[in-house]
Amino acid sequence: MGQSPGNSDQSRTRWKTIQSDLISARLCLQPVPIREAPALTVAIPFDYAAGWSAQTSFLRSVCIALNRTAHPKSSVLVLNQSAAGEHHPALPDLSDSFLSIPREVWKDQKDRTALLDDLKVDCILNLFGTPPGAVPGLGLVGWIPDFQHFRLPSFFTEKERDSRDRQFREILGNCHRIILSSLDAERDCLRFQPDSATKTRVHPFPSGMAFQNLPDSSGSPVLEKYHLPEKFVLVANQFWAHKCHLTVVDAAKLLAESGVDIPFVLTGLPSDYRDPANTIVSKVLQRISMGGLRDRVIALAQVPYPDLIALLRHAALVLQPSSFEGWSTTVQDAKALGRPVACSSIALHREQAPNAVGFFDHQSPGELAELLRAQWPKLLPGPDPAAESIALDEERDFADQYGRQMWRTCFEAVATARAKAPRL
(Lines give C-alpha, C1' and ligand atoms only; values in the text may rest on other atoms or scores of the structure.)
Protein backbone atom coordinates (compact mmCIF):
# COMPACT_ATOMS: atom_id res chain seq x y z
CA MET A 1 0.00 0.00 0.00
CA GLY A 2 3.00 2.31 0.27
CA GLN A 3 3.93 1.96 -3.43
CA SER A 4 3.60 4.82 -5.87
CA PRO A 5 1.29 4.88 -8.88
CA GLY A 6 2.94 6.30 -11.95
CA ASN A 7 2.27 6.88 -15.62
CA SER A 8 3.24 3.42 -16.83
CA ASP A 9 0.84 0.56 -17.53
CA GLN A 10 2.79 -1.53 -15.03
CA SER A 11 2.16 1.00 -12.27
CA ARG A 12 -1.54 1.16 -13.04
CA THR A 13 -1.78 -2.62 -13.05
CA ARG A 14 -0.10 -2.74 -9.66
CA TRP A 15 -2.68 -0.35 -8.23
CA LYS A 16 -5.57 -2.31 -9.73
CA THR A 17 -4.40 -5.51 -8.03
CA ILE A 18 -4.89 -3.92 -4.61
CA GLN A 19 -8.06 -2.06 -5.55
CA SER A 20 -10.49 -4.66 -4.21
CA ASP A 21 -8.78 -4.66 -0.80
CA LEU A 22 -8.87 -0.86 -0.61
CA ILE A 23 -12.49 -0.53 -1.65
CA SER A 24 -13.59 -3.06 0.96
CA ALA A 25 -11.65 -1.33 3.76
CA ARG A 26 -13.79 -0.67 6.83
CA LEU A 27 -13.31 0.52 10.36
CA CYS A 28 -14.36 -2.13 12.86
CA LEU A 29 -17.70 -0.54 13.67
CA GLN A 30 -21.28 -1.64 13.10
CA PRO A 31 -22.72 0.42 10.21
CA VAL A 32 -26.04 2.23 10.37
CA PRO A 33 -27.09 1.93 6.69
CA ILE A 34 -28.60 4.72 4.61
CA ARG A 35 -30.57 2.34 2.45
CA GLU A 36 -32.27 4.85 0.20
CA ALA A 37 -28.93 6.05 -1.20
CA PRO A 38 -26.50 4.33 -3.58
CA ALA A 39 -23.15 3.00 -2.43
CA LEU A 40 -20.27 5.42 -2.82
CA THR A 41 -16.52 5.42 -2.36
CA VAL A 42 -15.40 8.63 -0.67
CA ALA A 43 -11.73 9.63 -0.56
CA ILE A 44 -10.31 12.07 2.00
CA PRO A 45 -6.92 13.60 1.05
CA PHE A 46 -4.69 13.91 4.10
CA ASP A 47 -1.33 15.65 4.36
CA TYR A 48 -0.16 15.70 7.98
CA ALA A 49 0.51 19.17 9.40
CA ALA A 50 2.99 19.13 12.28
CA GLY A 51 1.82 21.18 15.24
CA TRP A 52 -1.87 20.92 14.35
CA SER A 53 -3.01 18.38 16.93
CA ALA A 54 -6.69 18.86 16.12
CA GLN A 55 -6.17 17.77 12.51
CA THR A 56 -5.78 14.06 13.17
CA SER A 57 -8.48 13.96 15.84
CA PHE A 58 -10.92 15.68 13.48
CA LEU A 59 -10.01 13.27 10.66
CA ARG A 60 -10.58 10.34 12.98
CA SER A 61 -14.00 11.63 14.05
CA VAL A 62 -15.14 12.23 10.47
CA CYS A 63 -14.01 8.79 9.30
CA ILE A 64 -15.66 6.95 12.17
CA ALA A 65 -18.88 8.95 11.81
CA LEU A 66 -19.00 8.12 8.10
CA ASN A 67 -18.24 4.44 8.64
CA ARG A 68 -20.83 4.10 11.39
CA THR A 69 -23.55 5.43 9.09
CA ALA A 70 -22.39 3.96 5.77
CA HIS A 71 -24.30 1.97 3.21
CA PRO A 72 -22.96 -1.62 3.52
CA LYS A 73 -21.10 -1.34 0.21
CA SER A 74 -19.79 2.19 0.72
CA SER A 75 -16.16 2.92 1.55
CA VAL A 76 -14.09 5.70 3.08
CA LEU A 77 -10.44 5.92 2.02
CA VAL A 78 -7.85 8.26 3.49
CA LEU A 79 -5.25 9.18 0.87
CA ASN A 80 -2.29 9.71 3.17
CA GLN A 81 0.30 11.85 1.40
CA SER A 82 3.98 11.79 2.31
CA ALA A 83 7.45 12.27 0.92
CA ALA A 84 9.89 9.37 0.70
CA GLY A 85 10.88 8.19 4.17
CA GLU A 86 8.41 10.48 5.92
CA HIS A 87 6.36 9.04 8.77
CA HIS A 88 3.15 10.39 10.26
CA PRO A 89 1.55 9.74 13.64
CA ALA A 90 -0.32 6.45 13.58
CA LEU A 91 -4.10 6.28 13.82
CA PRO A 92 -4.49 2.57 14.62
CA ASP A 93 -8.27 2.43 14.25
CA LEU A 94 -8.03 4.01 10.79
CA SER A 95 -5.14 1.93 9.48
CA ASP A 96 -7.35 -0.28 7.31
CA SER A 97 -8.69 2.80 5.52
CA PHE A 98 -5.31 4.48 4.96
CA LEU A 99 -3.62 4.40 1.57
CA SER A 100 -0.13 5.92 1.53
CA ILE A 101 0.68 7.79 -1.66
CA PRO A 102 3.64 10.02 -2.58
CA ARG A 103 2.78 13.69 -2.32
CA GLU A 104 3.96 14.23 -5.92
CA VAL A 105 1.28 11.84 -7.19
CA TRP A 106 -1.51 13.89 -5.66
CA LYS A 107 -0.07 17.12 -7.02
CA ASP A 108 0.15 15.78 -10.59
CA GLN A 109 -3.27 15.98 -12.24
CA LYS A 110 -2.70 13.05 -14.59
CA ASP A 111 -1.42 10.72 -11.86
CA ARG A 112 -4.12 11.86 -9.44
CA THR A 113 -6.89 11.21 -11.95
CA ALA A 114 -5.46 7.77 -12.74
CA LEU A 115 -5.34 6.92 -9.04
CA LEU A 116 -8.93 8.03 -8.43
CA ASP A 117 -10.09 6.02 -11.44
CA ASP A 118 -8.23 2.92 -10.28
CA LEU A 119 -9.80 3.19 -6.83
CA LYS A 120 -13.25 3.89 -8.30
CA VAL A 121 -13.61 6.98 -6.12
CA ASP A 122 -17.00 8.69 -6.50
CA CYS A 123 -16.43 11.69 -4.27
CA ILE A 124 -13.53 13.60 -2.72
CA LEU A 125 -14.18 14.98 0.75
CA ASN A 126 -11.61 17.76 1.00
CA LEU A 127 -11.22 18.59 4.69
CA PHE A 128 -7.79 20.19 4.62
CA GLY A 129 -6.31 22.78 2.31
CA THR A 130 -7.12 23.64 -1.29
CA PRO A 131 -9.19 21.08 -3.24
CA PRO A 132 -7.75 19.34 -6.30
CA GLY A 133 -8.81 20.26 -9.81
CA ALA A 134 -12.11 18.99 -11.15
CA VAL A 135 -12.48 15.51 -12.65
CA PRO A 136 -15.54 14.94 -14.87
CA GLY A 137 -18.27 13.12 -12.95
CA LEU A 138 -16.36 13.15 -9.64
CA GLY A 139 -18.14 14.79 -6.71
CA LEU A 140 -16.12 17.31 -4.75
CA VAL A 141 -17.07 18.40 -1.21
CA GLY A 142 -15.08 21.03 0.68
CA TRP A 143 -15.02 22.07 4.34
CA ILE A 144 -14.34 25.61 5.53
CA PRO A 145 -13.90 25.64 9.33
CA ASP A 146 -14.43 29.37 9.82
CA PHE A 147 -13.97 32.86 8.38
CA GLN A 148 -11.89 34.29 11.18
CA HIS A 149 -9.63 36.20 8.80
CA PHE A 150 -12.70 37.82 7.27
CA ARG A 151 -14.32 38.68 10.61
CA LEU A 152 -11.15 39.55 12.59
CA PRO A 153 -8.66 40.75 9.95
CA SER A 154 -6.36 42.38 12.52
CA PHE A 155 -5.22 38.93 13.71
CA PHE A 156 -3.74 38.15 10.27
CA THR A 157 -1.14 39.70 8.01
CA GLU A 158 -2.19 40.99 4.61
CA LYS A 159 -0.39 38.03 3.03
CA GLU A 160 -2.31 35.56 5.21
CA ARG A 161 -5.63 37.23 4.43
CA ASP A 162 -4.92 37.15 0.69
CA SER A 163 -3.89 33.49 0.90
CA ARG A 164 -7.05 32.51 2.76
CA ASP A 165 -9.18 34.53 0.37
CA ARG A 166 -7.70 32.63 -2.58
CA GLN A 167 -8.04 29.25 -0.91
CA PHE A 168 -11.65 29.83 0.15
CA ARG A 169 -12.63 31.13 -3.28
CA GLU A 170 -11.12 28.02 -4.84
CA ILE A 171 -13.12 25.82 -2.46
CA LEU A 172 -16.32 27.77 -3.10
CA GLY A 173 -15.72 27.84 -6.84
CA ASN A 174 -14.54 24.27 -7.45
CA CYS A 175 -16.55 22.20 -4.96
CA HIS A 176 -20.09 21.01 -5.64
CA ARG A 177 -20.99 21.27 -1.94
CA ILE A 178 -19.44 23.24 0.93
CA ILE A 179 -19.67 22.02 4.52
CA LEU A 180 -19.77 24.64 7.27
CA SER A 181 -19.82 23.82 10.97
CA SER A 182 -22.36 26.40 12.13
CA LEU A 183 -25.09 28.73 10.97
CA ASP A 184 -22.82 31.54 12.12
CA ALA A 185 -20.08 30.35 9.74
CA GLU A 186 -22.64 30.03 6.95
CA ARG A 187 -23.67 33.66 7.46
CA ASP A 188 -20.01 34.67 7.14
CA CYS A 189 -19.69 32.51 4.02
CA LEU A 190 -22.65 34.19 2.34
CA ARG A 191 -21.21 37.61 3.17
CA PHE A 192 -17.84 36.50 1.80
CA GLN A 193 -19.34 35.08 -1.40
CA PRO A 194 -23.12 35.61 -1.73
CA ASP A 195 -23.56 33.33 -4.75
CA SER A 196 -22.48 30.25 -2.74
CA ALA A 197 -25.90 29.83 -1.08
CA THR A 198 -26.95 26.83 -3.18
CA LYS A 199 -23.78 24.92 -2.27
CA THR A 200 -23.55 25.41 1.49
CA ARG A 201 -24.58 22.76 4.01
CA VAL A 202 -24.31 23.21 7.79
CA HIS A 203 -23.06 20.11 9.64
CA PRO A 204 -21.86 20.84 13.20
CA PHE A 205 -19.32 18.20 14.21
CA PRO A 206 -19.61 16.07 17.35
CA SER A 207 -17.13 15.68 20.16
CA GLY A 208 -14.45 13.06 19.73
CA MET A 209 -15.74 11.65 23.03
CA ALA A 210 -18.61 10.11 21.06
CA PHE A 211 -16.15 7.71 19.41
CA GLN A 212 -14.12 6.65 22.44
CA ASN A 213 -14.34 4.10 25.22
CA LEU A 214 -13.61 6.45 28.09
CA PRO A 215 -11.87 5.16 31.21
CA ASP A 216 -13.72 4.98 34.51
CA SER A 217 -13.99 8.55 35.76
CA SER A 218 -13.75 7.65 39.45
CA GLY A 219 -10.14 6.53 39.47
CA SER A 220 -8.38 9.54 37.94
CA PRO A 221 -5.40 10.92 39.92
CA VAL A 222 -5.40 14.18 37.93
CA LEU A 223 -6.12 16.44 40.92
CA GLU A 224 -3.25 14.97 42.90
CA LYS A 225 -0.95 14.98 39.88
CA TYR A 226 -1.29 18.72 39.32
CA HIS A 227 -2.00 19.68 42.96
CA LEU A 228 -5.40 21.11 42.09
CA PRO A 229 -8.33 21.99 44.35
CA GLU A 230 -11.43 19.82 44.21
CA LYS A 231 -13.59 22.58 42.70
CA PHE A 232 -12.33 24.78 39.85
CA VAL A 233 -13.21 26.52 36.58
CA LEU A 234 -11.49 25.07 33.50
CA VAL A 235 -10.40 27.12 30.47
CA ALA A 236 -9.17 24.71 27.77
CA ASN A 237 -7.94 26.84 24.87
CA GLN A 238 -4.73 27.57 23.00
CA PHE A 239 -3.10 30.73 24.33
CA TRP A 240 -4.07 32.80 21.30
CA ALA A 241 -5.08 36.46 21.45
CA HIS A 242 -8.69 35.90 20.40
CA LYS A 243 -9.18 33.30 23.16
CA CYS A 244 -9.31 36.12 25.72
CA HIS A 245 -7.30 34.64 28.60
CA LEU A 246 -6.64 38.15 29.91
CA THR A 247 -10.37 38.64 30.46
CA VAL A 248 -10.32 35.52 32.65
CA VAL A 249 -7.29 36.66 34.66
CA ASP A 250 -8.76 40.12 35.20
CA ALA A 251 -12.09 38.59 36.29
CA ALA A 252 -10.21 36.38 38.76
CA LYS A 253 -8.58 39.49 40.22
CA LEU A 254 -11.94 41.25 40.62
CA LEU A 255 -13.33 38.17 42.38
CA ALA A 256 -10.30 37.91 44.67
CA GLU A 257 -10.55 41.60 45.59
CA SER A 258 -14.20 41.09 46.57
CA GLY A 259 -13.36 38.08 48.74
CA VAL A 260 -14.68 35.41 46.36
CA ASP A 261 -12.21 32.54 46.00
CA ILE A 262 -12.72 30.78 42.63
CA PRO A 263 -9.76 28.75 41.29
CA PHE A 264 -9.13 28.75 37.51
CA VAL A 265 -7.16 26.10 35.61
CA LEU A 266 -5.80 27.04 32.17
CA THR A 267 -4.80 24.33 29.69
CA GLY A 268 -3.79 24.56 26.04
CA LEU A 269 -0.87 25.06 23.69
CA PRO A 270 1.12 28.05 25.01
CA SER A 271 2.10 29.45 21.62
CA ASP A 272 0.64 31.01 18.48
CA TYR A 273 2.33 30.97 15.07
CA ARG A 274 1.07 34.55 14.59
CA ASP A 275 2.85 35.61 17.80
CA PRO A 276 6.41 34.22 17.59
CA ALA A 277 7.45 36.25 20.64
CA ASN A 278 4.64 34.62 22.68
CA THR A 279 3.44 38.06 23.76
CA ILE A 280 0.03 36.82 24.90
CA VAL A 281 1.48 33.99 27.00
CA SER A 282 3.89 36.43 28.64
CA LYS A 283 1.10 38.91 29.40
CA VAL A 284 -1.09 36.20 30.91
CA LEU A 285 1.68 34.83 33.15
CA GLN A 286 2.82 38.29 34.22
CA ARG A 287 -0.69 39.49 34.98
CA ILE A 288 -1.28 36.38 37.11
CA SER A 289 1.84 37.15 39.12
CA MET A 290 1.30 40.92 39.38
CA GLY A 291 -2.28 40.34 40.50
CA GLY A 292 -1.20 37.97 43.28
CA LEU A 293 -3.23 35.20 41.63
CA ARG A 294 -0.74 32.35 41.45
CA ASP A 295 -2.85 30.27 43.85
CA ARG A 296 -6.09 31.14 42.03
CA VAL A 297 -5.09 30.97 38.34
CA ILE A 298 -3.10 27.83 37.56
CA ALA A 299 -1.60 27.74 34.07
CA LEU A 300 -0.86 24.12 33.14
CA ALA A 301 -0.39 24.81 29.40
CA GLN A 302 -0.71 21.70 27.19
CA VAL A 303 -1.47 18.50 29.09
CA PRO A 304 -1.71 14.89 27.84
CA TYR A 305 -5.09 14.15 26.29
CA PRO A 306 -6.17 11.64 29.00
CA ASP A 307 -5.47 14.35 31.60
CA LEU A 308 -7.55 16.86 29.63
CA ILE A 309 -10.49 14.45 29.65
CA ALA A 310 -10.08 14.01 33.41
CA LEU A 311 -9.92 17.77 33.96
CA LEU A 312 -13.09 18.27 31.89
CA ARG A 313 -14.84 15.63 33.99
CA HIS A 314 -13.74 17.19 37.28
CA ALA A 315 -14.39 20.85 36.39
CA ALA A 316 -17.28 22.50 38.20
CA LEU A 317 -17.57 24.77 35.13
CA VAL A 318 -15.99 24.80 31.69
CA LEU A 319 -15.44 28.40 30.59
CA GLN A 320 -15.16 29.48 26.94
CA PRO A 321 -14.27 33.21 26.78
CA SER A 322 -13.24 33.32 23.10
CA SER A 323 -14.06 36.28 20.87
CA PHE A 324 -14.42 34.00 17.84
CA GLU A 325 -15.10 30.32 17.09
CA GLY A 326 -16.14 28.36 14.03
CA TRP A 327 -17.45 25.53 16.26
CA SER A 328 -15.89 25.17 19.68
CA THR A 329 -14.33 21.78 20.40
CA THR A 330 -14.03 22.73 24.07
CA VAL A 331 -17.75 23.47 24.36
CA GLN A 332 -18.70 20.31 22.47
CA ASP A 333 -16.44 18.15 24.68
CA ALA A 334 -17.96 19.66 27.82
CA LYS A 335 -21.49 19.04 26.54
CA ALA A 336 -20.57 15.43 25.66
CA LEU A 337 -19.41 14.85 29.24
CA GLY A 338 -22.43 16.55 30.78
CA ARG A 339 -20.42 19.38 32.34
CA PRO A 340 -21.88 22.91 32.70
CA VAL A 341 -20.45 25.63 30.46
CA ALA A 342 -20.37 29.43 30.48
CA CYS A 343 -19.51 31.22 27.26
CA SER A 344 -18.81 34.60 25.80
CA SER A 345 -21.91 36.05 24.19
CA ILE A 346 -20.87 35.69 20.55
CA ALA A 347 -23.53 34.33 18.19
CA LEU A 348 -21.72 31.02 17.69
CA HIS A 349 -21.77 30.20 21.40
CA ARG A 350 -25.47 31.01 21.69
CA GLU A 351 -26.03 28.66 18.75
CA GLN A 352 -23.83 25.85 20.09
CA ALA A 353 -24.63 26.08 23.80
CA PRO A 354 -28.13 27.52 24.23
CA ASN A 355 -28.34 25.87 27.67
CA ALA A 356 -25.14 27.42 29.03
CA VAL A 357 -25.34 28.64 32.63
CA GLY A 358 -24.65 32.15 31.35
CA PHE A 359 -23.11 34.41 28.71
CA PHE A 360 -20.82 37.44 29.07
CA ASP A 361 -19.05 40.04 26.97
CA HIS A 362 -15.61 38.63 26.11
CA GLN A 363 -14.11 42.11 26.65
CA SER A 364 -15.69 42.61 30.08
CA PRO A 365 -13.94 41.04 33.09
CA GLY A 366 -16.63 42.65 35.24
CA GLU A 367 -19.45 40.83 33.46
CA LEU A 368 -17.61 37.53 33.76
CA ALA A 369 -16.90 38.13 37.45
CA GLU A 370 -20.57 38.90 38.16
CA LEU A 371 -21.69 35.76 36.31
CA LEU A 372 -19.27 33.56 38.23
CA ARG A 373 -20.11 35.20 41.55
CA ALA A 374 -23.79 34.37 41.00
CA GLN A 375 -23.32 30.83 39.65
CA TRP A 376 -20.40 29.48 41.70
CA PRO A 377 -22.41 28.46 44.81
CA LYS A 378 -24.79 26.42 42.62
CA LEU A 379 -22.07 24.50 40.80
CA LEU A 380 -20.69 21.14 41.94
CA PRO A 381 -17.36 19.55 41.02
CA GLY A 382 -17.40 16.41 38.92
CA PRO A 383 -17.27 13.73 37.85
CA ASP A 384 -20.99 13.04 37.59
CA PRO A 385 -21.28 9.52 36.08
CA ALA A 386 -25.08 9.64 35.70
CA ALA A 387 -25.12 12.99 33.87
CA GLU A 388 -22.12 11.91 31.78
CA SER A 389 -23.82 8.69 30.67
CA ILE A 390 -26.91 10.56 29.48
CA ALA A 391 -24.83 13.23 27.73
CA LEU A 392 -22.61 10.68 25.96
CA ASP A 393 -25.66 8.80 24.66
CA GLU A 394 -27.00 12.06 23.25
CA GLU A 395 -23.61 12.89 21.71
CA ARG A 396 -23.42 9.48 20.03
CA ASP A 397 -26.86 10.07 18.50
CA PHE A 398 -25.63 13.48 17.36
CA ALA A 399 -22.55 11.83 15.84
CA ASP A 400 -24.70 9.41 13.84
CA GLN A 401 -26.83 12.30 12.63
CA TYR A 402 -23.62 14.07 11.57
CA GLY A 403 -22.44 10.99 9.65
CA ARG A 404 -25.74 10.67 7.79
CA GLN A 405 -25.68 14.38 6.91
CA MET A 406 -22.15 14.06 5.56
CA TRP A 407 -23.12 11.08 3.38
CA ARG A 408 -26.12 12.92 1.96
CA THR A 409 -23.95 15.91 1.11
CA CYS A 410 -21.53 13.60 -0.69
CA PHE A 411 -24.47 12.04 -2.59
CA GLU A 412 -25.63 15.52 -3.62
CA ALA A 413 -22.15 16.43 -4.82
CA VAL A 414 -21.87 13.27 -6.92
CA ALA A 415 -25.31 13.80 -8.45
CA THR A 416 -24.43 17.39 -9.33
CA ALA A 417 -21.07 16.38 -10.83
CA ARG A 418 -22.60 13.61 -12.93
CA ALA A 419 -25.40 15.87 -14.15
CA LYS A 420 -22.78 18.28 -15.45
CA ALA A 421 -20.47 15.67 -16.98
CA PRO A 422 -20.56 11.85 -16.98
CA ARG A 423 -17.65 9.97 -15.43
CA LEU A 424 -15.13 9.04 -18.09
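Filtered by the rule that a residue be buried (at least 20 other Cβ atoms within 10 Å of the Cβ) and not aromatic (Phe, Trp, Tyr), region 254-269 gives LEU255, ILE262, VAL265, LEU266, THR267, GLY268. Taken together, the criteria place VAL331 among residues that are free of Cβ contacts under 8 Å to residues at least 40 places away in the same chain, assigned by TED's automatic domain parsing to the domain that holds ALA236 and under 30 Å from SER220 (Cα atoms).
Out of the residues in region 194-230 meeting the condition of being acidic (Asp, Glu) and assigned to a helix (DSSP H, G or I), tell me which one is farthest from ILE390 (Cα to Cα). Among them, the one singled out is ASP195. Looking across LYS335, LYS378, one residue alone is modelled with pLDDT of 95 or more, of a type in the set (D, E, K, R) and in contact with a strand residue (DSSP E or B) (Cβ under 8 Å, 6 or more places away or on another chain). It is LYS335. Name the residues in region 135-169 that are of a type in the set (Gly, Ala, Ser) and surrounded by 18 or more Cβ atoms within 10 Å (Cβ to Cβ), would you? The answer is GLY139, GLY142.
When we screen GLY366, GLY338 for residues that are surrounded by fewer than 18 Cβ atoms within 10 Å (Cβ to Cβ), outside the structural domain of ARG177 (by TED's automatic domain parsing) and touching a residue at least 24 places away in the same chain (Cβ under 8 Å), the only hit is GLY366. For region 341-363, a residue qualifies if it is polar (S, T, N, Q) and crowded, with 23+ Cβ neighbours inside 10 Å, and the qualifying residues are SER344, GLN352. With the requirement that a residue be under 21 Å from LEU214 (Cβ atoms) and either assigned to a strand (DSSP E or B) or touching a strand residue (DSSP E or B) at 6+ places or on another chain (Cβ under 6 Å) (or both), what does region 338-352 give you? Once the filter is applied, which keeps residues that are under 21 Å from LEU214 (Cβ atoms) and either assigned to a strand (DSSP E or B) or touching a strand residue (DSSP E or B) at 6+ places or on another chain (Cβ under 6 Å) (or both), region 338-352 yields ARG339, PRO340, VAL341.
Residue-level analysis places ALA421 among those that are of a type in the set (A, V, I, L, M) and at pLDDT below 95.
If I ask for residues that are part of a helix (DSSP H, G or I) and over 14 Å from ASP165 (Cα atoms), which ones from region 177-193 would you list?
LEU183, ASP184, ALA185, GLU186, ARG187
Within this structure, PRO270 passes the test of being outside any helix (DSSP H, G or I), touching a helix residue (DSSP H, G or I) at 6+ places or on another chain (Cβ under 8 Å) and closer than 28 Å to LEU293 by Cβ.
Could you tell me which residue of region 193-228 is nearest to the chain's Cα centre (by Cα), considering only residues that are crowded, with 18+ Cβ neighbours inside 10 Å and of a type in the set (Phe, Trp, Tyr)? Across region 193-228, the extreme among qualifying residues is PHE205. Restricting attention to region 333-348, report how many residues are among the polar types (S, T, N, Q) and touching a Ser or Thr at 6+ places or on another chain (Cβ under 9 Å). Qualifying residue count, region 333-348: 1. Residue count for region 281-307 satisfying the condition of being more than 12 Å from LEU266 (Cβ to Cβ) and either outside the structural domain of LEU372 (by TED's automatic domain parsing) or not charged (D, E, K, R) (or both): 9. Residues in region 205-263 that are hydroxyl-bearing (Ser, Thr, Tyr) and under 18 Å from MET290 (Cα atoms): THR247, SER258.
The values are calculated or read from the model by the stated rules, or taken from the named source; none is laboratory data. Bear in mind that the values here come from a model prediction, so they are computed numbers and not experimental data. Because the Cβ atoms are built from the backbone with ideal geometry, glycine has one as well, and the counts that use them run over all protein chains shown.
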